[in-house]
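Colleague: Take a look at this one; I'll ask things after.
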Amino acid sequence: MSIPLRVLIVEDSKEDAELLLGELRRGGFEPVFERVETSEGMILALNKQTWDVVFSDYTMPRFSGADALVCLKERNLDVPFIFVSGTIGEEAAVRAMKAGAQDYIMKGSLNRLVPVVKKELHEMAVRRERKRVEERIHHLAYHDVLTDLPNRTLFYDRLQQAILIGHRERRPLALLLLDLDRFKEVNDTFGHHYGDLLLRQIGLRLRKCLRESDTVARVGGDEFAVMLPNTHLEGASLITRKILKVLETPFALNDATVEVGASIGIALYPDHGEEGDLLFQRADKAMYAAKQAGGGYRIYLPKHEQSNSCRRMLMGKLSRAIEQGELEVYYQPQWSLKTNRVIGVEALSRWLDPQLGWISPDRFISLAEQTGLIKPFTQWVLKTVCRQYDEWKKAGLNVPVSVNLSARNLLEKRLPDQVAALIRTGCVQPALLEFEITEKMMMGDPSLSMEVLTRLHAMGIPLVIDDFGMGYSSLSYLKKLPVQKIKIDKSFIVDLENKGDIVIVHSMINMGHSLGLEVVAEGVEDEFTKNLLEAFGCDVVQGYHISHPLPFGEMTRWLRDAPPEI
Ligand code: C2E
Ligand code: MG
Ligand code: MG
């Protein structure tokens, strides 16, 4: 079967064009072509349709090959451009390639023509696929996968921009933070799938209440943020009431109907703050006040600062918990799909407060980050991990341990020294430790973070990009960082069969490999996902399907009996 090919020929000789077409036909192509010999002709042809390949003579009476190439490049068209000429000399050929031509072929020997065309078509397809995936990854970096609303990063960018405009044009703006009141109940009663459906519907309803110029984003599990440019107190209150009203209507989720309430906090620019962080904090405080009052909305008031006793209490408790060793490190195994064996464990911290119950790491780590407790906390994690690793070593269980770092840790110049001191005690070797960082962490002070990372790397400690795909500039950054692995974020992997983006996951794996990195997938909850990842060439999996994170004692037993194959 012949392959259709749209060919633009820049050539003054009809006979030469025919020779070229004949060669293509013999090579299995079915060319649809147009021949042009002037600049105007070429421009018309390029505007008229898309072409798969452009062939051009080098010297022609009314046009030149070099100009034809410029004409294509000026239009930013990614179409292979091949010189076919009898006159092009070695030097001109080199110049032409430098200017962006893909290849050149001598008119006398057209036998290279077909292989060159095939190669160029293939390379163009690869380039286009890569571009498509990069665009998709870029989109995902700024949007929430579940609701497709902007995520916290994009929201924050837009807020900063709106503040700049507000400042210049002396216009106010309102920031709303919305937290659902009974979301956890929905998740616990009906399962995560229903929780996800609910979040999507909420996203849609919020969008509908707002104007095009407003931004609504999902900024946390069940937290949404809304930005209303050019809006005063009255306008903000009005829209907030409208939002609360549309959320009152029950939600139909498959066979169930659920009702959820919301608490909304409002902060206004410039009255409550002139910068994004402060507005966020104050809207958050107002939101807490609304929550404590049982729902509805609150506009920020200075008294909310004091009423924020809940956070303060939690901070006090965390500080004591770190001092008194009330925290615990759990471990989750990482399973190699290449060797079918455990190849490491990730340390995940747990906090059980006697009165409050389990407090999730996402919550207490962000609290620790905000209060400076993160330094003693990370020290505690590292020490615990080294001690327990030492026990495993003595029991003949040699597993590398992966430790999560937080953004603040990368701004601590002393961290590498502290890690070096731990290593000197002899309880752990650098190659058996591993640090997980996220791309977001590089944003605070990239050069300082890079310095800390480079020093850790120089000590022989492998570095992993955690939550890959949720970051900022995925690929460009990756090339600069001294990392060995990427860990694809669990939001792409969980429930891959139903809602996951299979094509993207496949591309991420390929991309990781093409950068020479090992690829780990987290959030592997079932056999189907594991098999699919294995078929895609993924190196390592981690998730409930292999094991939940377990306390030290249970992990020790698990490692002893680790089944040779899962
Ligand atoms: P992470 O490093 O991306 O860890 C993966 C999270 O996914 C863990 O949540 C883990 O329990 C959970 N997980 C594991 N397998 C599955 C699965 O199959 N399905 C699903 N849905 N989830 C799975 P966890 O333990 O709640 O930790 C949340 C985050 O808190 C971690 O995300 C990490 O960023 C942070 N964290 C935990 N411990 C520490 C720590 O000691 N230091 C620092 N700086 N951060 C930590
Ligand atoms: Mg991690
Ligand atoms: Mg992760």
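Colleague: Take the residues in segment 483-530 that are closer than 21 Å to H193 by Cβ and more than 15 Å from ligand 1 (Cβ to nearest atom), then tell me which one is modelled with the lowest pLDDT.
Modeller: Among those that are closer than 21 Å to H193 by Cβ and more than 15 Å from ligand 1 (Cβ to nearest atom), it is D501.
Colleague: Which ones in segment 487-511 are open to solvent by 30 Å² or more (accessible area, probe 1.4 Å), assigned to a helix (DSSP H, G or I) and more than 16 Å from ligand 2 (Cβ to nearest atom)?
Modeller: Within segment 487-511, I502, V503, H506, N510 meet the criteria.
Colleague: Considering only segment 394-409, state which residues are part of a helix (DSSP H, G or I) and open to solvent by 50 Å² or more (accessible area, probe 1.4 Å).
Modeller: Once the filter is applied, which keeps residues that are part of a helix (DSSP H, G or I) and open to solvent by 50 Å² or more (accessible area, probe 1.4 Å), segment 394-409 yields K394, R408.
Colleague: Within segment 346-362, how many residues turn out to be open to solvent by 60 Å² or more (accessible area, probe 1.4 Å) and either more than 7 Å from ligand 1 (Cβ to nearest atom) or touching a Ser or Thr at 6+ places or on another chain (Cβ under 6 Å) (or both)?
Modeller: 5
Colleague: Same structure again: In segment 158-175, what residues are open to solvent by less than 80 Å² (accessible area, probe 1.4 Å) and farther than 17 Å from L278 by Cβ?
Modeller: I165
Colleague: Now for a separate question. In segment 239-247, is there at least one residue being in contact with a helix residue (DSSP H, G or I) (Cβ under 6 Å, 6 or more places away or on another chain), crowded, with 19+ Cβ neighbours inside 10 Å and closer than 19 Å to I202 by Cα?
Modeller: There is at least one residue in segment 239-247 that is in contact with a helix residue (DSSP H, G or I) (Cβ under 6 Å, 6 or more places away or on another chain), crowded, with 19+ Cβ neighbours inside 10 Å and closer than 19 Å to I202 by Cα.
Colleague: For segment 497-516, give me the residue count where each residue is over 15 Å from V541 (Cβ atoms), in contact with a strand residue (DSSP E or B) (Cβ under 7 Å, 6 or more places away or on another chain) and in contact (Cβ under 8 Å) with a residue 40 or more places away in the chain.
Modeller: 0
Colleague: Something else about it: In segment 331-367, which residues are within 16 Å of ligand 2 (Cβ to nearest atom) and either among the aliphatic types (A, V, I, L, M) or touching a Phe, Trp or Tyr at 6+ places or on another chain (Cβ under 8 Å) (or both)?
Modeller: Y331, P333, I343, V345, E346, A347, L348, S349, R350, P361, F364, I365, listed by residue number.
Colleague: Consider segment 447-478. How many of its residues are modelled with pLDDT under 75 and either under 15 Å from N409 (Cα atoms) or surrounded by fewer than 19 Cβ atoms within 10 Å (Cβ to Cβ) (or both)?
Modeller: Residues meeting the conditions: 6.
Colleague: Scan V260, V226 and give me the residue that is farther than 29 Å from A368 by Cα, outside any helix (DSSP H, G or I) and out of contact with any Pro (no Cβ under 6 Å at 6 or more places or on another chain).
Modeller: V260
Colleague: Please go through segment 157-208 and give me each residue that is in contact (Cβ under 8 Å) with a residue 24 or more places away in the chain, outside any helix (DSSP H, G or I) and more than 29 Å from N230 (Cβ to Cβ), ordered by number.
Modeller: Correct list: D181, R182.
Colleague: Also, I was wondering about something else. I'd like the full set of residues that are in a helix (DSSP H, G or I) and either within 16 Å of ligand 3 (Cβ to nearest atom) or open to solvent by 30 Å² or more (accessible area, probe 1.4 Å) (or both), limited to segment 410-441.
Modeller: Correct list: L411, D417, Q418, A421, I423, R424, P430, A431, L432, E439, K440, M441.
Colleague: Could you grab me the full set of residues in segment 512-553 that are more than 16 Å from ligand 3 (Cβ to nearest atom), in a strand (DSSP E or B) and crowded, with 16+ Cβ neighbours inside 10 Å?
Modeller: Across segment 512-553, the qualifying residue is only L550.
Condition check ((1) without any contact (Cβ under 8 Å) to a residue 12 or more places away in the chain; (2) within 25 Å of G469 (Cα to Cα); (3) open to solvent by 80 Å² or more (accessible area, probe 1.4 Å)) across all residues:
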| position | (1), (2), (3) |
| --- | --- |
| G100 | no, no, no |
| L113 | no, no, no |
| E120 | no, no, no |
| R127 | no, yes, yes |
| K131 | yes, yes, yes |
| H138 | no, yes, yes |
| A141 | no, yes, no |
| N151 | no, yes, no |
| F155 | no, yes, no |
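Colleague: Please indicate, with yes or no, whether at least one residue in segment 26-45 is open to solvent by less than 80 Å² (accessible area, probe 1.4 Å), farther than 20 Å from M124 by Cβ and touching a Cys at 6+ places or on another chain (Cβ under 9 Å).
Modeller: Yes, segment 26-45 contains a residue that is open to solvent by less than 80 Å² (accessible area, probe 1.4 Å), farther than 20 Å from M124 by Cβ and touching a Cys at 6+ places or on another chain (Cβ under 9 Å).
Colleague: Can you name the condition, by its number, that E391 falls short on among (1) within 22 Å of Q334 (Cβ to Cβ); (2) open to solvent by 40 Å² or more (accessible area, probe 1.4 Å); (3) free of Cβ contacts under 8 Å to residues at least 60 places away in the same chain?
Modeller: Result: E391 passes all but (3).
Colleague: I would also like to ask the following. Kindly check whether there is at least one residue in segment 308-330 that is surrounded by 16 or more Cβ atoms within 10 Å (Cβ to Cβ), more than 16 Å from ligand 3 (Cβ to nearest atom) and under 27 Å from K485 (Cα atoms).
Modeller: Scanning segment 308-330 turns up at least one residue that is surrounded by 16 or more Cβ atoms within 10 Å (Cβ to Cβ), more than 16 Å from ligand 3 (Cβ to nearest atom) and under 27 Å from K485 (Cα atoms).
Colleague: So D222 passes all but one of these: (1) under 30 Å from D103 (Cα atoms); (2) open to solvent by less than 50 Å² (accessible area, probe 1.4 Å); (3) of a type in the set (D, E). Which condition number does it fail?
Modeller: Of everything listed in (1) under 30 Å from D103 (Cα atoms); (2) open to solvent by less than 50 Å² (accessible area, probe 1.4 Å); (3) of a type in the set (D, E), D222 misses just condition (1).
The values are calculated or read from the model by the stated rules, or taken from the named source; none is laboratory data. The structure displayed is predicted, hence computed values, not measured ones. We place every Cβ from the backbone using ideal geometry, glycine too, and count neighbours over all the protein chains shown. Surface areas here come from the heavy atoms of the whole protein model, side chains and all, with no ligands, DNA or RNA. Shrake-Rupley method; radii C 1.70, N 1.55, O 1.52, S 1.80 Å.
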